[in-house]
Amino acid sequence: MSIPETALVLFSGGQDSATCLAWALDRFDRVETIGFDYGQRHKIELECRATIRDELAAQFPQWRGKLGPDHLLDLSVVGAIGETAMTADTVITYAENGLPNTFVPGRNILMFTVAAALAYRRGARHLVGGMCETDYSGYPDCRDDTIKALQVALGLGMDKRFVLHTPLMWLDKAATWKLAETLGGVDLIELIRRESHSCYLGDRTHLHPWGHGCGTCPACQLRSRGWEAYRADPPDLATTP
């Protein structure tokens, strides 16, 4: 049975957030989405969002009536603060602190804060994000401790009870593919494979077995390895935390 409440999903158009959107549609009576234009070099992901939403409604009638409006907001201030490999045409490498230069300081914190402000006005208390610290790029704002601290801070700062859901937090990429299969079968797998976007360079010209991308950036490599592991030995989610 669905939870009779509204959830707001941070939906970028990537594999993880598309899986989280399906996860939310499977659990809540009403689901809205929010996306952000922060000057990302892979802005093509924003175009993928509409296609995925439309196809979810068309291919999965059980979710069609649950899918509410989409909200696309301008967060160009993120890029204005300082350049990273996600917001400028620079070589992807690692900084002195060990973090990849694709890390955008404060991005997820700001996105969740803005999403909570919108949720406050939309009467939603459930926020869903695709953050993960099991199989990720080392971003500190993807850690479980960060999300838990944000939930407390947002609740106190707005005097409203928010619940921040991160269904992928303890899943690797192979298990994320398997979760999508569990939620929507091969149709959902194919939709995410073909229409979602993860490549940091914004490459949509090459369709690999795992989806579109350059095939060489960290996001493509992570997605590729996860796909290969999923296809070789689909994990048993019954034993996954």
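The values are calculated or read from the model by the stated rules, or taken from the named source; none is laboratory data. Because the structure is a prediction, the values reported are computed rather than measured. Neighbour counts run over all protein chains shown; Cβ positions are idealised from the backbone, glycine included.
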Just checking, does the range 81-92 include any residue being modelled with pLDDT of 90 or more, closer than 22 Å to Gly211 by Cβ and surrounded by fewer than 17 Cβ atoms within 10 Å (Cβ to Cβ)? no
State all residues of the range 93-131 that are within 19 Å of the chain's Cα centre (by Cα), charged (D, E, K, R) and either in a loop (DSSP other than H, G, I, E, B) or modelled with pLDDT under 70 (or both); if no residue qualifies, say none. Arg125
The listed residue being assigned to a helix (DSSP H, G or I) and more than 16 Å from Gln15 (Cβ to Cβ), out of Gly138, Gly155, Gly184: Gly155
Helices (runs of 4 or more DSSP H) wholly in the range 7-78 with at least 2 residues that are surrounded by fewer than 22 Cβ atoms within 10 Å (Cβ to Cβ) - which ones? 44-59, 61-64
Could you please give the count of residues in the range 176-219 that are at pLDDT below 95, among the aliphatic types (A, V, I, L, M) and crowded, with 20+ Cβ neighbours inside 10 Å? 1
Which residue pairs have Cβ atoms under 8 Å apart, sit 6 or more places apart or on different chains, and have a first residue in the range 22-41 that is at positive phi and a second that is in a helix (DSSP H, G or I) and among the aliphatic types (A, V, I, L, M)? Gly39/Val78; Gly39/Ala80
With respect to Glu55, determine if the residue is out of contact with any helix residue (DSSP H, G or I) (no Cβ under 6 Å at 6 or more places or on another chain), closer than 27 Å to Lys178 by Cβ and either of a type outside the set (Lys, Arg) or free of Cβ contacts under 8 Å to residues at least 12 places away in the same chain (or both). no
